[in-house]
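Only the coordinates and a few stated rules stand behind these numbers; no lab work does. These numbers were taken from a predicted model, which means no experiment stands behind them. Virtual Cβ from ideal backbone geometry, glycine too; neighbours counted across all protein chains shown.
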Amino acid sequence: MRIGIFPTSATACAAGAQMIIDRFAASPGAVLGVATGSTPLELYAELRTAKAQGRFTLAHSRAFALDEYVGIAPDHPEAYRNVLRAELVGEDKTGLAEKDLVTPDGQHPDPEAAAKAYDTAIREVGGIDLQILGIGSDGHIAFNEPGSSLVSRTHHEALAAQTITDNARFFGNDLSQVPTSALTQGLGTIMEAREIMLLAFGSGKSAAVRELIEGPISQRWPATILQMHPLVTVLLDEAAASDLELTDLYRARWNLSQRA
Ligand code: PGA
C-alpha cells in the first residue's frame, strides 16, 4: 500500500484527483469505480473543476457504482444512482453520459439475481480499471460489513447497526428512514479492480484506518483484505492517520514515490 498523509482532506483530494486525471489522460476509455458517501465529494468537485478547465473528461468512460440501497424509491435523492448522477453526469459535471453510469438495480424483485447481473456486467466490460473507495468507521468497504466473506461477489447485504447510525445524517437523522439492506460489490469483486484508491478523513475513521493498514487480515475489519491487493493508494488526513504506529515510515515511502 502507498499511504499519503495530508494536512487536510482538501489537499488529499487534490492529490487523488490529479492521479485520476493522469490515469485517464493516459487511457481515456478506462473504467472508473465510483463510491458514494461524504468522503469522495471533494474529489468529485476537483474532477468537475478539471473538466471545466478542459483537463479531464469521463466522456469516453463508463463508471460503475460500488453499491445501491435495496427498496429505496428510485426518485429518492439518496438513492446512490441519483447521488452519483448529481455529482458526475453531464457536460457540466465530469462529462460522464447517463447511459455510462452503471448502478445495481435496487428495485429488482429478486435482489440476489440483480446482484449476479451486476457482477456479470462488470466482468463483461473487462473489469474496473481504477476503483475509488471510502471506508466505514466499522471497517466496511462498499457495504461489506464486519463478519462478511472476504471473497464474496456482488450480493445482497444487511446493513450493520453502526452503518445505519452513520448514514442517518443523509435521511434527516431519522434511523427509521435508513434502508436496512443494499446490493454491494463483494470483496472478491472489489479485489479484481486493477487499481484502488481509498480515501479516509476525520478522527471517526482512525480506528478503521489503523486496522486497514496495520491490523491482521480479518473478516472483523473487511477493508483489511486490501492488504492483499497489489496496487492500492490510501489518501488520509492527519486525523484519520492519528492511530497509526508507523507514520514516519509511510511518510518517507510516500516522499520517495513522489520523487520517482
Ligand atoms: P462516508 O462513508 O464517506 O460517508 O464516511 C464511507 C463508507 O461508509 O464507506
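Please state which one of 140, 156 is out of contact with any Gly (no Cβ under 8 Å at 6 or more places or on another chain) and more than 16 Å from the ligand (Cβ to nearest atom).
Numbers: 140 fails: more than 16 Å from the ligand (Cβ to nearest atom).
One residue alone meets the criteria, 156.
Could you list, in sequence order, the residues of the range 159-172 that are within 14 Å of the ligand (Cβ to nearest atom) and not hydroxyl-bearing (Ser, Thr, Tyr)? Explain how you work it out, then say what you get.
Residues of the range 159-172 within 14 Å of the ligand (Cβ to nearest atom): 159-171.
Those that are within 14 Å of the ligand (Cβ to nearest atom) and not hydroxyl-bearing (Ser, Thr, Tyr): 159, 160, 161, 162, 164, 166, 167, 168, 169, 170, 171.
Do you know which of the residues in the range 188-210 that are surrounded by fewer than 22 Cβ atoms within 10 Å (Cβ to Cβ) and either touching a helix residue (DSSP H, G or I) at 6+ places or on another chain (Cβ under 6 Å) or hydroxyl-bearing (Ser, Thr, Tyr) (or both) is nearest to residue 246 (Cα to Cα)? Before the answer, list the steps.
Keep residues of the range 188-210 that are surrounded by fewer than 22 Cβ atoms within 10 Å (Cβ to Cβ), which gives 188, 191-192, 194-195, 202-204, 206-207, 210.
Retained after the next criterion (residues that are either touching a helix residue (DSSP H, G or I) at 6+ places or on another chain (Cβ under 6 Å) or hydroxyl-bearing (Ser, Thr, Tyr) (or both)): 203, 206.
Working: 203: 17, 206: 14 Å.
Among residues in the range 188-210 that are surrounded by fewer than 22 Cβ atoms within 10 Å (Cβ to Cβ) and either touching a helix residue (DSSP H, G or I) at 6+ places or on another chain (Cβ under 6 Å) or hydroxyl-bearing (Ser, Thr, Tyr) (or both), the one nearest to residue 246 (Cα to Cα) is 206.
Within the range 153-260, considering only helices (runs of 4 or more DSSP H) that don't extend past its boundaries, which have at least 1 residues that are without any contact (Cβ under 8 Å) to a residue 12 or more places away in the chain and among the hydroxyl-bearing types (Ser, Thr, Tyr)?
Numbers: elements: 161-167, 187-191, 206-214, 247-259.
Once the helices (runs of 4 or more DSSP H) in the range 153-260 are filtered for at least 1 residues that are without any contact (Cβ under 8 Å) to a residue 12 or more places away in the chain and among the hydroxyl-bearing types (Ser, Thr, Tyr), what remains is 161-167.
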